[in-house]
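The values are calculated or read from the model by the stated rules, or taken from the named source; none is laboratory data. Bear in mind that the values here come from a model prediction, so they are computed numbers and not experimental data. Don't worry about glycine lacking a Cβ; one is built from the backbone with ideal geometry, like all the others, and counts go over all protein chains shown. Surface accessibility is based on the protein's heavy atoms, side chains included, excluding ligands, DNA and RNA. Shrake-Rupley method; radii C 1.70, N 1.55, O 1.52, S 1.80 Å.
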Amino acid sequence: MALSDKENLEYDILSIINESNGRPMGCGSIAVKLQALGYSFSEATVGRILRDLDIAGLTEKAGFQGRKLSSSGSERLCDLAGKERRQKQGEELMAAVQGHTREQLLEVLIARRAIEGELAYLAAQNATPEEVRALQAALTAEDVEFHNIIVNMAQNRVLAAAVSLIRQDTQLSPVLEHIRLQVHSLVHVDHQKIAESIGSGNGDKARAAMIEHINNLISDVEKYWHPQG
């Protein structure tokens, strides 16, 4: 969710005061910096806004020297900064999604299904107990990390190179992650099945679990573009 106009103003004022490194800032100095950011407030208007921030406990007077942030003001600034950061990340992610067509994503997933199914098969045959434990530990890690462990377990340089080529698009994983979140996909359930199958040493079962996982991703992409389908 985007910051409201009130939150943007609050964020800018608290940031300006925070940038003084603990030195109190006068109302006039704050007004000048706000004007540089595009606001058209008079010094008197800024003074009234600062009084409201004082009442809210976010700023406090330091005699006639001006204002400084209170501890609550510092916490509020962190909260607003986090909200703004999440907003920008969301905008960047949406732009990345819009930069990928449904057809492009499906082509990549179909290629991954063929290659990673075989990687899972080989991983089940070649995995050491230590590698299986590492895979189990990565169930809550990012999707890329989980799949990279399987690539290493499979010990096939040609298939590993093929997967690396497919993943040259660095935005692909976050785009798919966003899509899974939007359609409420339970990817961790798939990963658990894959890890258990590889740990069992049954290559056919591991291949089937990986293919099922990629098929679920394909279904997620279809649902994202055609939510009523």
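Observations
- For semi-axes √(5λ) of the Cα gyration tensor in Å, computed directly from the structure shown, the correct entry in [x] 22, 21, 16; [y] 53, 20, 14; [z] 25, 24, 16 is [y].
- In Hz, Karplus ³J(HN,Hα) per residue of segment 198-203 (6.51, -1.76, 1.60; θ = phi - 60°; x = Gly, Pro): 5, x, 6, x, 8, x
- Once backbone amide H atoms are built at 1.01 Å from N, GLY26 has ARG67 as its partners under 5 Å, excluding neighbours fewer than 5 places away on the same chain.
- Between SER70 and THR59, GLU60, the built amide H atoms are under 5 Å apart, and every one of these is 5 or more places off in sequence or on another chain.
- Of the whole protein surface, LEU9 contributes about 30 Å² of accessible area at a 1.4 Å probe radius.
- Averaging the Cα positions of each part gives two centres, and for segment 1-75 and segment 111-167 these lie 52 Å apart.
- Within the full protein context, the accessible area of HIS188 is estimated at about 110 Å² for a probe radius of 1.4 Å.
- 12 Å beta-carbon shell around ALA123, net charge (K/R +1, D/E -1): -1
- Fraction of accessible area attributable to carbon and sulfur, segment 93-229 (%, probe 1.4 Å): 53
- Charges were assigned to the Cβ only: +1 to each Lys and Arg, -1 to each Asp and Glu. The resulting dipole of segment 107-229 about its Cα centre is roughly 140 debye.
- If you run the Gaussian network model on the chain, springs between alpha carbon atoms under 10 Å, then out of GLU60, GLU116, GLU84 the most flexible one is GLU60.
- With the whole protein complex present, ARG85 retains an accessible surface near 130 Å², based on a 1.4 Å probe.
- Using the Karplus relation 6.51 cos²θ - 1.76 cosθ + 1.60 with θ = phi - 60°, the per-residue 3J(HN,Hα) values for segment 3-17 come to 5, 6, 4, 5, 5, 4, 5, 4, 4, 5, 5, 5, 5, 4, 5 Hz, with x marking Gly and Pro.
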